[in-house]
Structure formats: C-alpha cells, structure tokens
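A.B. asks: Quick one: structure below, then a few questions.
Every number here is computed from the coordinates shown, using simple stated rules; none is lab data. Quantities reported herein were computed from a predicted structural model and do not represent experimental measurements. Note that we place each Cβ from the backbone using ideal geometry, even for glycine, and neighbour counts take in every protein chain shown.
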C-alpha cells in the first residue's frame, strides 16, 4: 500500500481542520495529493483552507447527520470523479461525562456517540460504495483509516461516553477489515494515538506543549509507516509511553475477564502492587 501517498491521489478527511486531521492533510498535500477536509467548526475550516492552500477543498458538515454525508459524497463525485484513495474517518469530540454529578447528562452521552461512533458508521455506509466501485481497477489503491483511542481499549475511569464510543469504533474497524479481507486493493487501519497535543488535550488553551505528548505531525508520520506496511493496528506511543507499555496495559485489561478480577482493576487500590509488578516484568 505504499502507493497511497502519491501525486494525483485523493484524500477525504473528517475532522480535518485541526489536530491529527489537519496534519494528515498537510502530509497528503506534500505528496501532491488532492485533499477534501470536512469539519464542523467553520472558523477552523476557513483557517485550514487558507493555510493549506492549493489542492484543498473544504466542506462544513456534521458527521452525525446522514444528509451531510450525502453532500460530501456529491462533492467527492463532482471534484474527484468519485475516486477516494485515502479515507480518514477522524472527527471526534470528548466532553466530560460521568454517572454522578453535573456530567451525568444523557444528552451529552448521545452527542458523543452520535459524533464519534455514528460519524464513522455514516462515513463507511456513504463512501465505501465509491471505493468498492473502483477496487477492481489494477491501478487503484485505497486505505480507510479510522481514528480510535486507547481509552476504547483499556477503558480508564473518568469518561464513560468517550470510552464507549471509541470501543464501538474499534469493533466496527475490526469488522470492516474482516469484511474487506478479499479486497486486494483496499486496506483498513485503526489509528490509536497516544497522548497527542491537540485541542482535546489542551493545545488551544494557550499553555506551552508539555514534553510528554507527541505532535499531530509525529502521529501522522507513524501512521504513514504503518499504512505502508499494511498494518491494521496503528498503536502510537508517545514520549512517555512505549509500545511495550501499551501492550502490557492492554493484556492486563483483557485479563480482568479471563482471571475474574474486578473490572478496571488497574485503577483499584487492591491491585496496585500486582499491576506494578506486571508492568515491571518481561512479557
């Protein structure tokens, strides 16, 4: 799939006006690709178009609304002839939710799921037919990149709606990869960023970037490597957390069910020493 990032190819990126989506648009344009970015934030979208310049088109849309996806599909057909080489389903939100106190608002839970989960489902159902129409062409290559989260795998306490939405996204990405397993010219990739300095992490707060998080550009560089390798799992480290640490944490989480431990045992005081010993050992 090294042929994805090349001149004259096309990319459609949701949540493309900032953060990882914007960095991916920059990378694609650097290869001479044509890029269509979609985003809900009109101000960011205008700024992104001005910054990215030639080769970029934009569309303001709400990924939770199928009618907006219909508009995006029409734009892809009109501007790209229906050809998509890179589809990045990246749009997401992360407002705080809980089951106790002021953050226990079902409306917020629904908004998170509608954006993070159905934003992916809507994108697949709307644009996958365009990709499959061309998948038999010998010169055609396409990659579908879905942005997940480590929170959708290890499920840390503190934001149940976001975690649940990203767990559902992981499940959908796995199912899509399986369903497209016989498509020789189409690959599916689950992008799982580590701590990344985006708006969700505080990048727009005016604070100086801490040393620990990666920049969006570093995440996108890592993504490019994994796409070229045809790797489904794009598990990004950061400046504090290595790939080995991530894998150990994921294995521990799975073992809650296998070993009959209390859920989210990693964060429970009674398992503190056992978890520390697990992280210190070779696995």
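A.B. asks: Which value in deg cm²/dmol, rounded to the nearest 500, describes the helix-derived mean residue ellipticity at 222 nm for the chain, given -39,500 (n - 2.57) per DSSP H run of n ≥ 4 and division by the residue count? All intermediate terms of the calculation are to be shown ahead of the outcome.
C.D. replies: Working: 10 runs with 129 residues, N = 283.
Rounded to the nearest 500, it is -14500 deg cm²/dmol.
A.B. asks: Same structure, new question: Please state, to two decimals, what the Cα-based radius of gyration of the range 74-195 comes to when divided by 2.2 N^0.38 Å (N = residues).
C.D. replies: For the range 74-195, the normalised Cα radius of gyration comes out at 1.19.
A.B. asks: Hey, how many Å between the Cα centroid of the range 64-101 and the Cα centroid of the range 132-207?
C.D. replies: Answer, in whole Å: 13.
A.B. asks: When 54, 189 are ordered from fewest to most other Cβ atoms inside 10 Å of their Cβ, what list results?
C.D. replies: The most exposed by this proxy come first: 54, 189.
A.B. asks: Report the Cα-based extents of the chain along its three principal axes, largest first, to the nearest Å.
C.D. replies: Per principal axis, max minus min of the Cα coordinates gives 59, 41, 34 Å.
A.B. asks: Any idea what log10 I(q)/I(0) is at q = 0.11, 0.18, 0.19, 0.23 Å⁻¹ for the range 1-122, Debye with uniform C-alpha scatterers and no solvent?
C.D. replies: These q points yield log10 I(q)/I(0) values of -0.39, -0.90, -0.98, -1.31.
A.B. asks: Now, a different point. At 4 °C and 1.567 mPa s, what whole-number value in µm²/s does Stokes-Einstein give for the translational diffusion of the range 140-283, with Rh from the Kirkwood sum over Cα pairs?
C.D. replies: Approximately 77 µm²/s, per Stokes-Einstein.
A.B. asks: Treating the angle as unsigned and between 0 and 90°, give the value, to the nearest 10°, between the Cα long axis of helix 106-116 and the longest Cα principal axis of the chain.
C.D. replies: Here the helix axis deviates by roughly 50 degrees.
A.B. asks: OK, next. Determine, from the Cβ-Cβ distance of residue 244 and residue 136 and an R0 of 51 Å, the FRET efficiency 1/(1 + (r/R0)^6), rounded to the nearest 0.05.
C.D. replies: The pair residue 244/residue 136 has a calculated efficiency of 0.80.
A.B. asks: Arrange the following residues from fewest to most other Cβ atoms within 10 Å of their Cβ: 162, 31, 222.
C.D. replies: On the way: 162 23, 31 14, 222 18.
Result, fewest neighbours first: 31, 222, 162.
A.B. asks: Between residue 99 and residue 262, what is the spin-label point distance in nm, taking each point 7 Å from the Cα along the Cα→C-beta axis?
C.D. replies: My value for the distance between the label points is 1.4 nm.
A.B. asks: Moving on to the next point. Could you run the Debye sum over the Cα atoms of the range 242-283, one equal point scatterer each and no solvent, and tell me log10 of I(q)/I(0) at q = 0.22, 0.23, 0.24, 0.35 Å⁻¹, two decimals?
C.D. replies: Ignoring solvent entirely, the Cα scatterers give -0.69, -0.75, -0.81, -1.30.
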